[in-house]
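A.B. asks: I'd like to ask some things about the structure below.
Nothing in this text is a laboratory measurement; each read-out follows from the coordinates by a stated rule. Bear in mind the structure is a predicted one, so any value in this text is a computation, not a measurement. Don't worry about glycine lacking a Cβ; one is built from the backbone with ideal geometry, like all the others, and counts go over all protein chains shown.
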């Protein structure tokens, strides 16, 4: 017990003084997620506001040929500006990025309209450019509306009720709740927590084998009258402490970020108050042991610090895979998913954020199976720590 | 007292140690001498229990290094080749860490650490973090932490590597002090003069085998060479290693 505690406290002290560990545990993990998240949310909000009719500029070539159309577009908050001087410059202007969209109204537009021949206009856009695609969609929608308006007028003029043109009227009814809508966007949150907690212990896990070996401190350590099981346990537990700190910080930083995000503009009210923060912490706690032992295990097979870092970046990504697959297939929580670490935590967390009733059995299976795998991996680490090959 | 009895050790196809036997008695300094790659480090690593011999056995004061490795480790203080320190801990903390791991009584630790620090004359930098220490400073701290629990048997793998004249001298004085205190000191080197100046017994190994195991005078006599360097060269030829 004393050996374990000695190793444990020494690792804590050693790593608190190590700027690299501290940066990754207390800054990188906890800050990276929320910052990226805030960025993505802000972008979605910007886009949502874009769609709500704010002013958009539309360069037009030949606006003099269609004064009524121009007035209609202006009534839809589209500001008509002069396009490229020569009529053939539209494609070039879009290609070069001078304009995102250019509308060309040919000279014969008025004539064709008068003759009830479909009057042609050309809309130049670059579909590979997402901003251009959005503006083109808006211009197209406006033109479509103008088209329908003209059609309705023509039908009325011929004594036909324009309603014959819409035999079906579809009403969209969205039953999702504000919390539920948040869950879609906040689904990526659980990965950030797992990422942050893994980052917190990464350097400690490497240090246990590859780091000690590279520094030349492993052999003297192993020649001391202590059992290797106690050494590795002390090291893994110290890693767990850093990972728990990292997790707690990232939960709290998310909590703060969400408070300041205007999520209600997106029609979202995530259930992420302090009680959920606490619940999420305890839910993810078993994953810490698993993560620490898994990283220690992977690092123990590597020859050097650098190699360990390379392999551990793969470990950082691994927990995303089940989450990603389930998100793509939009699978609902099922009993068997609860045996899969990272996936079970993700699914339960999403339910928490959605403010849906939690399934006690699911939580129990998630906690117990994740813990069991963690204990097993720790045991394997301890076994491997006895190998001679450890010395490299 | 350290007893080595016919140990063999291979790494893959390399047969590094081929039946090495010798004894390092208490109150004497035993030198393990040999060219680079002779199997000195491998032999010592078996003794401080980080490697297991493929054949043969070794014991420290009767404790077998394989069957009872924990008991064997309790009786030794080891300075592995190129031993490293924890750069974020001070020299004192590095030494105290080992003292704690050696289960020295908590109330005694501060005194023990302080006394080993003064014995090795490292007071000047004892409270600095070891990051950026010179090779000599690192070796002294490594030695201090290896000796903090006052082991009966001391195993040093090329301790004078990278040390300047002053540091080598103080190391020599320390080794002699340990001898006078009745300790068993076993150290390896590839420098004949250094070994000759200190050791009571010299075990010359080459090519993984013991070439000669004798006192300095005995080695001179058996090789018929007055010059120590010539004696060393003649000795290693006995086990079939060309110059």
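A.B. asks: If the chain between residue B:1 and residue B:165 were fully stretched, how many nm would it gain, using 0.36 nm times the residue separation less the Cα-Cα distance?
C.D. replies: Numbers: separation 164, 0.36 × 164 = 59.04 nm, distance 2.97 nm.
This chain segment gains 56.1 nm when fully extended.
A.B. asks: Okay, moving on. Quick check: residue separation of residue A:228 and residue A:40 times 0.36 nm, minus the Cα distance between them. What number comes out in nm?
C.D. replies: Working: separation 188, 0.36 × 188 = 67.68 nm, distance 4.63 nm.
Here the answer is 63.1 nm.
A.B. asks: With label points built 7 Å along Cα→Cβ from the Cα atoms of residue A:330 and residue A:316, find their separation and express it in nm.
C.D. replies: 3.2
A.B. asks: Then there's this: Taking Cα atoms, how many degrees apart are the long axis of helix A:305-317 and the longest axis of chain A, rounded to 10 and kept between 0 and 90?
C.D. replies: The answer is roughly 50 degrees.
A.B. asks: Could you tell me the calculated FRET efficiency between residue A:147 and residue A:303, based on Cβ-Cβ distance and R0 = 51 angstrom, to the nearest 0.05? Walk me through the numbers before you get to the answer.
C.D. replies: Values: r = 69 Å, r/R0 = 1.34.
Working from the Cβ atoms, E equals 0.15.
A.B. asks: Where the eigenvalues come from the Cα gyration tensor of chain A, what are the semi-axes √(5λ) of the equivalent ellipsoid, largest first, in whole Å?
C.D. replies: Working: eigenvalues 744, 118, 53 Å².
Result for chain A: semi-axes of 61, 24, 16 Å.
A.B. asks: Could you give the angle, 0 to 90 degrees to the nearest 10, between helix B:135-147's Cα long axis and the longest principal axis of the Cα atoms of chain B?
C.D. replies: Tilt relative to chain B: about 80 degrees.
A.B. asks: Could I ask something else about it? So if we plug the beta-carbon distance of residue A:171 and residue A:88 into 1/(1 + (r/R0)^6) with R0 = 51 Å, what FRET efficiency do we get, rounded to 0.05?
C.D. replies: Values: r = 45 Å, r/R0 = 0.88.
So the FRET efficiency works out to roughly 0.70.
A.B. asks: Label points 7 Å out from Cα along the Cβ direction at residue A:117 and residue A:277: separation in nm?
C.D. replies: So the two model labels end up 6.9 nm from each other.
A.B. asks: Quick check: pseudo-label points 7 Å beyond the Cα along Cα→Cβ at residue A:27 and residue A:161, how many nm apart are they?
C.D. replies: The two pseudo-label positions are separated by 7.1 nm.
A.B. asks: Any idea what diffusion coefficient chain B gets from Stokes-Einstein, in µm²/s, Kirkwood Rh on alpha carbon pairs, 10 °C, 1.306 mPa s?
C.D. replies: Values: Rh = 18.4 Å.
For the chosen part, D equals 86 µm²/s.
A.B. asks: Helix-only mean residue ellipticity at 222 nm, the protein assembly as shown, DSSP H runs n ≥ 4 weighted -39,500 (n - 2.57), per residue, nearest 500. What is it? Show your work: numbers first, answer last.
C.D. replies: Numbers: 25 runs with 343 residues, N = 635.
The helix contribution divided over the protein assembly as shown gives -17500 deg cm²/dmol.
A.B. asks: If you rank B:115, A:250, B:90 by fewest surrounding Cβ atoms within 10 Å, what's the result? Working shown, then result.
C.D. replies: Values: B:115 14, A:250 28, B:90 18.
Lowest count first: B:115, B:90, A:250.
A.B. asks: By how many degrees, 0 to 90 and rounded to 10, does the Cα axis of helix A:2-16 deviate from the longest principal axis of chain A?
C.D. replies: 40
A.B. asks: Let me ask something additional. Starting from a Cα-only point model with no solvent, please compute log10 I(q)/I(0) by Debye for the range A:46-176 at q = 0.16 1/Å.
C.D. replies: Here log10 of I(q) over I(0) equals -0.90.
A.B. asks: Can you give me the three principal axis dimensions of the range B:82-150 from its C-alpha atoms, in Å, biggest first?
C.D. replies: 31, 20, 19
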